[in-house]
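The values are calculated or read from the model by the stated rules, or taken from the named source; none is laboratory data. For clarity, every value in this text was computed on a predicted model and none was experimentally measured. Every residue, glycine as well, gets a Cβ built from its backbone with ideal geometry; the counts of neighbours run over all protein chains shown. For the accessible areas, the whole protein counts, side chains as well, though only heavy atoms, and no ligand, DNA or RNA atoms are used. Shrake-Rupley method; radii C 1.70, N 1.55, O 1.52, S 1.80 Å.
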Amino acid sequence: MKYPYSRITVKIGSNVLARKDGTLDVTRMSALVDQVAELHKAGIEVVLVSSGAVASGRSEIKVSRKLDSVDQRQLYSAVGQAKLINRYYELFREHGIAVGQVLTTKESFGTRRHYLNQRHCMEVMLANGVIPIVNENDTISVTELMFTDNDELSGLVASMLDAQALIILSNIDGIYNGSPSEPGTSVIREVEQGKDLSDYIQTEKSGFGRGGMLTKTTIARKVADEGITVIIANGKRDNILIDLLEHPADTVCTRFVPAPEAVSSVKKWIAHSEGFAKGELHLNAQAVKAVKGKKAVSILPVGVTRIEGDFEKDDIVRIMDAEGNQIGVGRIGVSSEEARKMLGEHGQRPLVHYDYLYLD
């Protein structure tokens, strides 16, 4: 069987790996490993982004006193991550496949150097036939520095490694055109570029995960805009991964159509880096019009009316319009001190070059 992709990222959500009581569903985990192993042996490079550490730890420890949510997450994930990766190790070993653990934090994507270090690590693993299993390091992540959930992390990983597809496995079949509990609703099978889904999205968060369908669609759209196919499907369905690749027309899911042209590696990083922004550039109306035009233009000091925050050269900054709305993010070419000296002047070099500018 010839598959349409040579490298994919598969995100396995908490609700796929957790039973109703919150403990780890080893049977489901084993079935998914069998499918990943089959794809691996067919020559597809697979990167797993797996939730389940907290569910894995919950069944190991009986807490003697009441803990707040952060303490619980840190405790369960510290114990559960070891158990989770060991379970993956044993299951993949039955197929003769080696796996490696990659624990990361949001801060690890915040600088280009750390970003490239992570990418190099996973590229070396893939080149040597090792399946990277990626998860957020919940033991050291605190609320304001956490990913929204592993959907956001999987989008970053797929983008970073130039995957051709990102498959997000949840406990529902995809995005519905209404409430899934109401009769007559169905799964939206394909989402074209620019299609508005806001009327269809339920805002409730998933049972054991931190995110919901709104997070998934936001991430899916951003990743698809970078030229990567994104599929949201039900990880509790038997043989789902194989069916998605071998029988895409017959397998229920929501597929986000990718942009026809992929964007550069550095632009991919910038596209996902809003959460790491160190400051803001506020543009006048004329500069906003130029930046949003069809021709690629850089942000020049003459079009900037105000600078917020303190930043160094190569930090990420938000790009704001005259009304204070964010229109994009970019990598700044000078420090905040230098930028303020150049503010409003003609004939100066760009503050943000168009190669390092991503518009929302």
Would you mind checking which residues have amide H under 5 Å from Thr305's amide H? H placed 1.01 Å from N; only 5 or more apart, or other chain. His282, Leu283, Asn284
Each label sits 7 Å from Cα toward the beta-carbon; between Leu116 and Val257 the label points are separated, in nm, by 3.6 nm
How large is the accessible surface of Glu312 in square angstrom, using a 1.4 angstrom probe and rounding to the nearest 10? 120 Å²
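Restrict the search to the stretch 1-98; then list the GluC sites (Glu not before Pro) that DSSP places in a loop and that have at most 11 other Cβ atoms within 10 Å of their Cβ.
Taking the stretch 1-98 and a limit of 11 other Cβ atoms within 10 Å, the loop GluC sites (Glu not before Pro) found are Glu94.
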With x for Gly and Pro, the residue-by-residue ³J(HN,Hα) of the stretch 77-88, computed from phi through the Karplus equation 6.51 cos²θ - 1.76 cosθ + 1.60 at θ = phi - 60° and given in whole Hz, is 6, 4, 6, x, 4, 4, 5, 4, 5, 5, 5, 4
For Ile131, other-chain or 5+-apart residues with amide H closer than 5 Å (H placed, Pro excluded) are Ala98, Val99, Gly100
Segment Asp68-Arg189, extension gain: residue separation times 0.36 nm, minus the distance between their alpha carbons: 39.5 nm
Val302 and Val130 label points (each 7 Å along its Cα→Cβ direction) are spaced in nm at 5.3 nm
Determine the distance separating the Cα centre of the stretch 259-313 from the Cα centre of the stretch 77-115; give it in Å without decimals. 34 Å
Longest principal axis of the chain (C-alpha) makes with the long axis of helix 26-41 (C-alpha) an angle, in degrees to the nearest 10, of 70 degrees
Cross-link partners among lysines for Lys295, C-alpha distance below 19 Å, same-chain residues fewer than 8 apart left out? Lys267
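Can you give the helix-only mean residue ellipticity at 222 nm for the chain, where every DSSP H stretch with n ≥ 4 adds -39500 (n - 2.57) and the sum goes over all residues, rounded to the nearest 500 deg cm²/dmol?
Numbers: 11 runs with 120 residues, N = 360.
After summing the helix terms and dividing by the residues of the chain, the value is -10000 deg cm²/dmol.
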How large is the accessible surface of Tyr89 in square angstrom, using a 1.4 angstrom probe and rounding to the nearest 10? 100 Å²
In the stretch 79-130, taking the dipole from +1 charges on Lys and Arg beta carbons and -1 charges on Asp and Glu beta carbons about the Cα centre, the listed residue (Phe109, Val130, Ala98) farthest towards the positive end is Phe109
